[in-house]
Amino acid sequence: MVVATTLTGAMANTTLAYDLPPLPAYETRPMPDYLPFISDFWLALVAPHIAYWVVSMIFHVIDMYDLFPHYRLHTPEEITQRNLATRWEVFRDVILEQVIQIGTSAVLSLTEEGQTTGKEEYDVAVWGRRIRLAQRRLPNLLGLLGLNAEVISKNVAASHPLLAGALAGGYYPSLISGLDNVTGTQIPAFATWELLVAKAIYWVIVPAIQFWFACWVQDTWQYFWHRAMHVNKWMYTHWHSRHHKLYVPYAYGALYNHPVEGFVLDTIGAAIAYKVAFLTPRMGMWYFVFSICKTVDDHCGYALPWDPLQRITSNNAAYHDIHHQSWGIKTNFSQPFFTMWDRFLGTRWTGDVQEKYQRTRINAANKKRNAMANGKANGAANGKANGAPKENGSAKESAASPSPAVSNGSATRRRANGKAH
Ligand SMILES: [Zn+2]
Ligand SMILES: [Zn+2]
């Protein structure tokens, strides 16, 4: 598509024509793909999920090799003793949710026009003009403070010509880009600082605001749906209780949800955020990757001081982990970015958690010890009966059928089934 916009406005009004620097002509063309071996369409569909598994596997290795024991929120025993879903069930449901997300993203992408490039310089110049027009108001603003902008401008003209131009209301007689072919009139140009500010607005500030707004929308959507799923017993029992089977979250359990919850809370929430923040397809891809990495990090089970995703806001793994505990399940609904809704609506957990965490650690350790003792006793009995030793009582097996003798395990099981949430 070719759009000729040279000297926009010049045709309509010759006085205005060279009052402002002209906008450049531009020609748009399809944006080339990021990578040579995959189209942007497919990359946008799979990148968030590749990121999900890459980040998850990093945390999985940290977990399996117990690389940072001091930063663990829970002990390894707690993972095996307290969770009510097996790792296979978690993996299976995550894959299902990812298939749903990829399908939804494909539909969303098909409704988008192909992204083009070539108009960036024009858009920067539009911001340049806005900056120039904003300077027109400076003399009046300074006048409100009792300052004479014209006098100050003249005083600093020799030493600071650009400052003088801004104070005079954005008049830079020395900045000329050439002469008009027809009228011979001088064509004004932008000052270097104006273009730098315009580029910063176009390339950094506006996208940052769009990103922030998308985060805010997704947070808002998720907070109220999430809270509703705890208030409404039917929704909790049928949908949300599945996510709460993980009392000890781990990274790749982040998207362990009932498919309906996954679709409503995560998929639709992210899609709405993308649409209302007017993200471009390429920005959307980065947003989805960031959003999914943040969700994984929130479930990683580690409070890592050097993890940037945990430093951005106070909504991090430690914050969300409280919501996964039976005593904190009615608090900390906010996810995945900020804590504002919990703070505004009084659902943020307040109080000490150290003692509570310590208690669940001890319970899990006792439970494991009991399970191993039972396993040994059974093994000895079976060995005697069968005439051969038999392995029994592994931590995994005991996790699948937690001993009812441990009160914590039975209490949490009831909650996860939605009867006492
Ligand atoms: Zn919840
Ligand atoms: Zn969670």
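Based on the mean of other Cβ atoms within 10 Å per residue, sort peptides 216-227, 179-190 so the most packed one is first.
Ranking, from highest mean packing down: 216-227, 179-190.
Could you give me the radius of gyration and the Dmax of region 150-271, taking only the C-alpha atoms into account and expressing both in angstrom?
28.3, 78
With respect to the cross-link table entries Lys233/Lys367; Lys294/Lys367; Lys119/Lys154; Lys233/Lys275; Lys245/Lys367, which display a Cα-Cα separation exceeding 26 Å?
Violating the 26 Å limit, Cα to Cα: Lys233/Lys367; Lys294/Lys367; Lys119/Lys154; Lys233/Lys275.
If packing is taken as the average count of other Cβ atoms within 10 Å, what order do 82-90, 99-107 fall into, highest mean first?
With the highest mean Cβ count within 10 Å placed first, the list reads 82-90, 99-107.
Indicate the gyration tensor shape class of region 27-151 (rounded, prolate or oblate), computed on the Cα atoms with a ≥ b ≥ c the square roots of the eigenvalues: a/c under 1.5 is rounded; otherwise a/b larger than b/c is prolate and the rest oblate.
oblate
Taking a ≥ b ≥ c as the square roots of the eigenvalues of the Cα gyration tensor of region 88-145, is the shape rounded (a/c under 1.5), prolate (a/b larger than b/c) or oblate?
Cα axes put region 88-145 in the prolate bin.
When the distances between all Cα atoms of region 220-351 are binned every 10 Å from zero, what whole-number percent does each bin get?
Spelled out bin by bin, region 220-351 gives 12, 44, 36, 7, 0 percent.
If you take the Cα Rg of region 84-194 and divide it by 2.2 N^0.38 Å, with N the number of residues, what do you get?
Cα-based Rg divided by the globular estimate yields 2.06.
Excluding residues fewer than 8 places away in the same chain, name every one of the aspartates and glutamates whose C-alpha is closer than 13 Å to that of Lys330.
Straight-line reach from Lys330, under 13 Å: Asp321, Asp342.
Every number here is computed from the coordinates shown, using simple stated rules; none is lab data. None of the values given here were measured: they were computed from a predicted structure. With ideal geometry, Cβ positions are generated from the backbone for all residues, glycine too; neighbour counts draw on all protein chains shown.
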